[in-house]
Structures are given as C-alpha cells and as structure tokens.
Amino acid sequence: FWAGFAWLKLPVADARDLVELAAPISDGRGWECTSPIVPQRGRLPIANLYFPGEQISDLIHILTAVKGKP
C-alpha cells in the first residue's frame, strides 16, 4: 500500500509543524499523518508521516528555505 512513499516517525508536535510547512506541496498528493493509540496507554507521543517519495527533494527545499527562521 505504501510503495513509493517515504515514512517519517517523529514527535507529534514536529509532525504537525512539518505538515503545516508542507501544505503547498501536499494538497491532494496522498500525504497521511497518524498517531497510534495504544490500549491503556492512550495516544503515543509519536506520529507516522507518509508522503510520496518523489517529494523528498521538494520537502528538503522547503525545510532549507525556513532554516534559521524562528
């Protein structure tokens, strides 16, 4: 199912920030971000972000552009 997609496992807050930064390239492209829920432990503090592998360089470009900005 995830063939051709990249996978990142990162803290929920970081995933939220990354998804917001990537909004210009992610719309309608199959991006998905999930946070596991474990019985008796609740939601885990990590998120799984899946996005098309062909967009890795686009995402790097966005992250490079915002590097150093508050």
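The values are calculated or read from the model by the stated rules, or taken from the named source; none is laboratory data. This structure is a prediction, so every number in the text was calculated from the model and none was measured. Every residue, glycine among them, receives a Cβ derived from its backbone with ideal geometry; neighbour counts consider all protein chains shown. Note: accessible area is taken over every heavy atom of the protein model, side chains too, but ligands, DNA and RNA are not part of it. Shrake-Rupley method; radii C 1.70, N 1.55, O 1.52, S 1.80 Å.
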So, R16, is that one among the basic types (K, R), in contact with a helix residue (DSSP H, G or I) (Cβ under 9 Å, 6 or more places away or on another chain) and not in a strand (DSSP E or B) or not?
no
Yes or no: A3 aliphatic (A, V, I, L, M) and in a loop (DSSP other than H, G, I, E, B)?
yes
Restricting to region 28-53, and then to whatever is over 19 Å from W2 (Cβ atoms), part of a strand (DSSP E or B) and open to solvent by 40 Å² or more (accessible area, probe 1.4 Å), can you tell me which residue is modelled with the lowest pLDDT?
R43
Return yes or no: is L18 touching a residue at least 12 places away in the same chain (Cβ under 8 Å) and either surrounded by 13 or more Cβ atoms within 10 Å (Cβ to Cβ) or charged (D, E, K, R) (or both)?
yes
